[in-house]
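Written out below as structure tokens is the structure these notes cover.
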Amino acid sequence: MSAMVDPSRHAIISEHRPTPLSRAARGTAPLVVASAALLALLLPGRPAHADFGFSRSFLPLQVSTAPANGDLNPYGLVFVPHDFPTAGALKPGQILISNFNDTMFQGRGSTIITIDPRNGQTGLFFQGTPPIGFTNALGIVHAGLVFAGSVSTTEGTSATAQSGGLFVLDTNGNVVTNLGTKELINGPWGLAINDRGGSARLFVSNVFDGTITRLNVTFGNGGITVRSAVKIGSGFGFGPDMAAVVVGPAGLAYDASNDTLFVASEMDDTIFALHGAGTTQTDLGTGAVVYQDAAHLHGPLGLIFAPNGNLLVANADPAVSQDPTEPSEIVEFTRSGQFVRQYSVDPNLGAAFALGIANREDAEVFAYVDDFLSTCTILNLSPGVFPGGGD
């Protein structure tokens, strides 16, 4: 089911940063449009006033992701696990959001914020020295560490873009280490983690060479040890982009039960699958094509599993792949490559980047960022609201 927006009634902005209007003025119409479309996506066949298991109807909670220093353009989103250590600043159930831009330029954002999805309260988790340019590569492990990818610029264009490595932060936002070229990290654009408690497999997509790296790591005494670094994928399209600075292999989703890594490739407008990603010692190339659809994929960036087993991807609309009639779409499709439905989170291009889902005792919490508005939208849904089943 597609939520189409009449292109004659709104301006199309291809640059991945807000226009100089007040955030309050910009936010109202997109939220209403996205809310109606989101209900159609998540609740097919149900009335638009459905209360998601609560006592009354409500609009999704929309929270600004801009901290006090004015950083804009949220790129990464991750939920803090419910069994995460509670001794530090991070609390189980919180959302972490990383910012790519500062107030003027892309690739200079230096902050990661927290959001309480129950009430929208925000806080500052990390603030570094710009330029950093935090990307969609944002993840967390139960050992008490946060991973945040960096692609920085000095003046907001691809001409000065460079890899800032993969930051490793403790639960209080202190830098533990930075993983870089030694660990085959070259512009970390997306991240998936197979968390095993005392160890983990980190899968990183590299935007500067079109590769996928697997790091086998162990944790101890608040630190991390990299046991091995293996290039497990290559050949994905990558290059500079006028709207997005750079594009390449982006969002990653790992299915541990089948040892399969799904890769959202922006320039290729394709979702690939690397079978055996967690165990291979060789380069699998681009793997198998799962979903290739020029009608519905436009620079796919964020990638996650829905509770029904299907995949959800956020179209980032970079300059290399845009359709003004389908702006900022989140697309659902099956693992066998069948399109299910889509909806637009914003009538402007370049707004859909990161998304996440977490199970809570009383709800499924679905969240996504709007890169155009620099906001995070949060919905508390009744358990089991995603219909059907994956394949």
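The values are calculated or read from the model by the stated rules, or taken from the named source; none is laboratory data. These numbers come from a predicted model, not from an experiment. Neighbour counts run over all protein chains shown; Cβ positions are idealised from the backbone, glycine included. All accessible areas refer to the heavy atoms of the entire protein, side chains included, with ligands and DNA or RNA removed. Shrake-Rupley method; radii C 1.70, N 1.55, O 1.52, S 1.80 Å.
Please state which one of Leu311, Leu379 is under 20 Å from Phe262 (Cβ atoms), among the aliphatic types (A, V, I, L, M) and buried (at least 20 other Cβ atoms within 10 Å of the Cβ). Testing whether each residue is under 20 Å from Phe262 (Cβ atoms), among the aliphatic types (A, V, I, L, M) and buried (at least 20 other Cβ atoms within 10 Å of the Cβ) leaves just Leu311.
Evaluate the following for Ile97: is it surrounded by 23 or more Cβ atoms within 10 Å (Cβ to Cβ) and without any contact (Cβ under 8 Å) to a residue 60 or more places away in the chain?
no
No other residue among Asp317, Asp283 is charged (D, E, K, R), under 16 Å from the mean Cα position of the chain (by Cα) and assigned to a loop (DSSP other than H, G, I, E, B) apart from Asp317. Inside region 133-165, residues that are closer than 15 Å to Ser98 by Cα, β-branched (Val, Ile, Thr) and open to solvent by 10 Å² or more (accessible area, probe 1.4 Å) make up a count of 1.
Scanning region 235-272 for residues that are open to solvent by less than 50 Å² (accessible area, probe 1.4 Å) and free of Cβ contacts under 8 Å to residues at least 24 places away in the same chain, we see that the one that is farthest from Asn73 (Cα to Cα) is Asp259. Within region 107-149, the set of residues being farther than 21 Å from Asn178 by Cα and not β-branched (Val, Ile, Thr) comprises Asp116, Pro117, Arg118, Asn119, Gly120, Gln121, Gly123. Within region 166-179, restricting attention to residues that are in contact with a strand residue (DSSP E or B) (Cβ under 6 Å, 6 or more places away or on another chain) and not aliphatic (A, V, I, L, M), which residue is least open to solvent (accessible area, probe 1.4 Å)? My answer is Gly173.
Taking the conditions (1) in a strand (DSSP E or B); (2) open to solvent by less than 10 Å² (accessible area, probe 1.4 Å) in turn, Arg227 satisfies each one other than (2). Taking the conditions (1) modelled with pLDDT of 95 or more; (2) more than 17 Å from Ala243 (Cα to Cα); (3) open to solvent by 10 Å² or more (accessible area, probe 1.4 Å) in turn, Ser344 satisfies each one other than (3).
For region 180-199, the set of residues classified as over 20 Å from the mean Cα position of the chain (by Cα) and open to solvent by less than 10 Å² (accessible area, probe 1.4 Å) is empty. Taken across region 245-262, residues that are outside any loop (DSSP other than H, G, I, E, B) and over 21 Å from the mean Cα position of the chain (by Cα) do not occur at all.
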